[in-house]
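Below: one structure, written as structure tokens.
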Amino acid sequence: MRISIILLGLPLLMYLYVSALYMGWHLPDPAWLPHAKNHLVRAMFGGVGMALVGLMIVLIPLRRGQVWAWWALLVIGFFTFGGFWLSLVIAEFAQQSELFKVLLVNALSLTSYIAGLWCAWNGLKKSSP
């Protein structure tokens, strides 16, 4: 179960960093309208919450082998990591100079998260009677 905790925890920590700090560089930008900044702050706040809840689920109930935690992490992963890929499909990526780096980090995060879910599922199946 230890490897699944690492594989799930690292992408959630990255999501926490992006939500709490990285997205905030838009706030002082005068080109952003106050209404857009309002949505940004709500997205940042929600992202921080999703990441923290996900980390708590990884570190407490999943570590204890509670199956419901796996399903909750599946949903959290769908909305957190799926949201990036959906936004990339329907909206233009503003910083073309950073596109490769952002795609790479998000692809690695998603791969790690999926691998963590797979390892956790196998660990839960082995520990259940």
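Backbone N atoms of segment 82-113 closer than 17 Å to the 7 Å Cα→Cβ label point of Leu74 belong to residues 82, 113.
Dipole size in debye (nearest 20) for segment 2-127 around its Cα centre, Lys and Arg Cβ +1, Asp and Glu Cβ -1?
So the dipole magnitude of segment 2-127 works out to roughly 600 debye.
Using a Gaussian network model of the chain in which every pair of alpha carbons under 10 angstrom is joined by a spring, one finds that among Ala69, Ala20, Ala31 the greatest mean-square fluctuation is at Ala31. Can you tell me which of Leu62, Leu16, Leu52 moves the most in a GNM of the chain? Springs connect C-alpha atoms under 10 Å apart. Result for the chain, Cα springs under 10 Å: Leu52 fluctuates most.
Remark: C-alpha extents of segment 2-127 on the principal axes read 54, 26, 21 Å, sorted largest to smallest. For segment 21-120, the list of chymotrypsin sites (Phe, Trp or Tyr not before Pro) that fall in a loop by DSSP and count at most 15 other C-beta atoms within 10 angstrom reads Trp32, Phe93.
Only the coordinates and a few stated rules stand behind these numbers; no lab work does. A quick note: this is a predicted structure, and the numbers were derived from the prediction, not measured. Counting neighbours? That spans all protein chains shown, and the Cβs are built from the backbone with ideal geometry, glycine included.
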